[in-house]
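None of the figures in this text is laboratory data; all of them are computed from the coordinates on show. Note that the coordinates shown come from a computational prediction; the quantities given were computed from them, not determined experimentally. Heads up, the Cβs are rebuilt from the backbone with ideal geometry, glycines too, and the neighbour counts pull from every protein chain shown.
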Amino acid sequence: MDNDEQSKTVKAVKGWLLEARDDVLRQIDSRLKVDTKSSRSDLVTNIDRSNEKFIVNKIREFDPDAKILGEEGFGDKVTDTKGRIWIVDPIDGTMNFVKQRNHFAMMLSLYINGQGVLGFIMDVMNNELVYGGPDLGVFINTRQMVTVNDSKLQDGLIGLSGPMVVHDDFNMQEIANTSLGMRVYGSAGIDMIAVLKGELVGYISYLKPWDFGAGRILAETIGLKITTIDGRQLGVLSSEPVLLATENAHHDILTIVKK
Ligand code: IPD
Ligand code: CA
Ligand code: CA
Ligand code: CA
């Protein structure tokens, strides 16, 4: 993607996300229509749906030949990574959105032939947009983010998924005990922003493509490491336990996972 096209794309996506944010804020105190999907803790609301429809329509106008992978199903059936693929998570942290009306994100990313080009994570209530890509660097609102300190697991806080800790999957409790403390934020987007800022040394959760699509591009751009929990390369369309961390913490965590 040349520079002109990149600036045009960033400008367009920022506009959609600001519009989507305004729309969510306008409805923040309204009564939500909440449905369950695979289990009682897997929720979808009328706002997840309307937001995905809004973003998908914007992408279709802007980039008619691209394919769209959206969590709530308003995009296309995407089975391979050829060409341009937009990945959309309209509300990340739906449970937080429903129970807290806070601590949720919107995420969008663009991959071309399997390569991450641009990623966007918006922390809606905090009004923070983290975006960028390999040719651009990573920005938080208007400020460019610098490389994160390469902290070890024992020197930092770790973001984990609640169910993985409860079931002690992959030695999660030892990972938590080795760190200075665990945090369970309940939104992959919010967790990933915290790792990008250096507030967490890492984040581990079972994730789908829309949960890690944007964060992966931003993380790799800033020098963080993101793989599957056992250190394999993460496919664009995979659904797996994902490990995002500083180089050092990534190494420390893999050692514990493989015990
Ligand atoms: C979920 C959240 C949660 C993570 C789950 C995701 P959703 O996304 O990011 O923190 O642990 O794996 O599915 O469903 O609220 O968009
Ligand atoms: Ca969901
Ligand atoms: Ca999500
Ligand atoms: Ca979602």
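Using only the Cα atoms of region 3-144, build the gyration tensor, take square roots of its eigenvalues as a ≥ b ≥ c, and label the shape rounded, prolate or oblate: rounded if a/c is under 1.5, else prolate if a/b is larger than b/c, else oblate.
oblate
Set the Förster radius R0 to 41 Å, insert the Cβ-Cβ distance between K82 and H167 as r into 1/(1 + (r/R0)^6), and round the FRET efficiency to 0.05.
Approximately 0.65, to the nearest 0.05.
Under 1.5 on a/c is rounded, so check that first for region 153-257, then, if it is not, pick prolate when a/b is larger than b/c and oblate when it is not; a ≥ b ≥ c are the square roots of the alpha carbon gyration tensor eigenvalues.
Here region 153-257 falls in the rounded category.
Sorted by mean Cβ packing within 10 Å, highest first, what order do the peptides 152-160, 102-110, 175-183 take?
102-110, 152-160, 175-183
Among S205, S39, S187, which one shows the highest mean-square fluctuation when the chain is modelled as a Gaussian network with alpha-carbon springs under 10 Å?
Highest fluctuation among the options: S39.
Go through region 45-59 residue by residue and turn each phi into a ³J(HN,Hα) via Karplus (6.51, -1.76, 1.60, θ = phi - 60°); whole Hz please, and just put x for glycine and proline.
Once rounded to whole Hz, the list reads 10, 4, 7, 4, 5, 5, 5, 5, 4, 4, 5, 4, 4, 4, 5.
Which of these, F62, F120, F74, has the largest mean-square fluctuation under a Gaussian network model of the chain (Cα springs below 10 Å)?
Comparing F62, F120, F74 in a Gaussian network model of the chain, the most mobile one is F62.
Please list, in order along region 199-208, the HN-Hα scalar couplings obtained from phi with the Karplus expression 6.51 cos²θ - 1.76 cosθ + 1.60 (θ = phi - 60°), rounded to whole Hz, x for Gly and Pro.
6, 10, 7, x, 8, 10, 6, 6, 9, 10
How far is it, in nm, from the label point at K33 to the one at D65 when both lie 7 Å from their Cα along the line to the Cβ?
3.7 nm
If I take every Cα pair under 8 Å that is 6 or more residues apart in the chain, average their sequence separation and divide by the length, what percent do I get for the relative contact order?
Reported relative contact order: 15 percent.
Using a ≥ b ≥ c from the Cα gyration tensor of region 9-49 (square roots of the eigenvalues), is it rounded, prolate or oblate, where a/c under 1.5 gives rounded and otherwise the larger of a/b and b/c decides, a/b for prolate?
Oblate, since a/c reaches 1.5 and b/c is not below a/b.
Rounded to the nearest 500, what is the 222 nm mean residue ellipticity of the chain from helices alone, with -39500 (n - 2.57) per DSSP H run of 4+ residues and division by all residues?
After summing the helix terms and dividing by residue count, I get -11000 deg cm²/dmol.
Quick one: Karplus J couplings for region 242-254, per residue in order, coefficients 6.51, -1.76, 1.60, θ = phi - 60°, nearest Hz, x for Gly and Pro?
Those phi angles translate into 10, 10, 10, 6, 5, 3, 5, 5, 4, 5, 4, 5, 4 Hz.
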